[in-house]
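Report on the structure given below.
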Amino acid sequence: MARQSADERREQLVEAAIRVMIRDGVAKATTRAIVGEAGVPLGAFHYCFRSKQELLHSVIERIMLRSLAFPAAPLADGASAPDVIRATLHAYWDGIRERPDEHQLTYELTQYALREPGLADVARRQYQHYLQANIDHLESVARLAGIRWTTEIPVLARYGLNLLDGLTLNWLIDRDDAQALAALDAYAAHLAALAVPEPSDVRS
């Protein structure tokens, strides 16, 4: 059997931690449970991570990278600004529906981190990343649609984060697809009302 590099072993442990946390909860994701899931000796954990806090950072970053970004949405040539806004939000929502267990885990990780001494920074970094993802999304939409926002982007991004965060949690509880999409479309329409065309000389 080929010897694994430290990076490969870290990847293995992060994925094992995610599986254990989804199945048993964050509080029960002990180092022994994680290495057991990964099928590696206990010493491998301490070789790859200095602490459980470092592992939690890695778990959150992994979930965010593959689940919480705003993916590119297929757009027809000449799509209007409202169409661009709606399409990008629907592409994001598709990712929520594809990985509900991981999204549920993010809420549990936040609450766990806030309650555990020394782990509050995990929750802060988590939501700083979410906020930056929303800022990046709004800037990308503005470029794609040839618009500018009439509300400051950091303020609009925080508003959008709060709305999408609440909408996701609500859907995880009731799994009402129709109501979730109706609310998402209402948010898209509200965003479109906060956009004005970018002057052509600025776009060029």
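The values are calculated or read from the model by the stated rules, or taken from the named source; none is laboratory data. All values derive from a computational prediction rather than experimental measurement. Quick reminder, even Gly has a Cβ in these numbers, built from the backbone with ideal geometry, and neighbours come from all protein chains shown. We work out accessible area using only protein heavy atoms, side chains counted, and drop any ligands, DNA or RNA first. Shrake-Rupley method; radii C 1.70, N 1.55, O 1.52, S 1.80 Å.
Computed quantities for the displayed model
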{"read-out": "Tally of residues being of a type in the set (Ser, Thr, Tyr) and either in contact with a strand residue (DSSP E or B) (Cβ under 8 Å, 6 or more places away or on another chain) or open to solvent by 70 Å² or more (accessible area, probe 1.4 Å) (or both) across region 129-154", "value": "1"}
{"read-out": "Residue pairs meeting the criteria (Cβ under 7 Å; at least 6 apart or on separate chains; first closer than 13 Å to GLN104 by Cα, in region 12-30; second part of a helix (DSSP H, G or I) and open to solvent by 70 Å² or more (accessible area, probe 1.4 Å))", "value": "ILE22/ASP101; GLY25/GLU108; VAL26/GLU108"}
{"read-out": "Whichever residue in region 1-24 is open to solvent by 50 Å² or more (accessible area, probe 1.4 Å) and hydrophobic (A, V, I, L, M, F, W, C) and, among such residues, is modelled with the highest pLDDT", "value": "ILE22"}
{"read-out": "Criterion (in contact with a helix residue (DSSP H, G or I) (Cβ under 7 Å, 6 or more places away or on another chain), at pLDDT below 90 and surrounded by 19 or more Cβ atoms within 10 Å (Cβ to Cβ)) met by exactly one of GLN126, GLN53", "value": "GLN126"}
{"read-out": "Hey, VAL35 modelled with pLDDT of 90 or more and of a type in the set (Val, Ile, Thr) or not", "value": "yes"}
{"read-out": "Which listed residue, of PRO82, PRO71, is of a type outside the set (Ser, Thr, Tyr), open to solvent by less than 80 Å² (accessible area, probe 1.4 Å) and at pLDDT below 90", "value": "PRO71"}
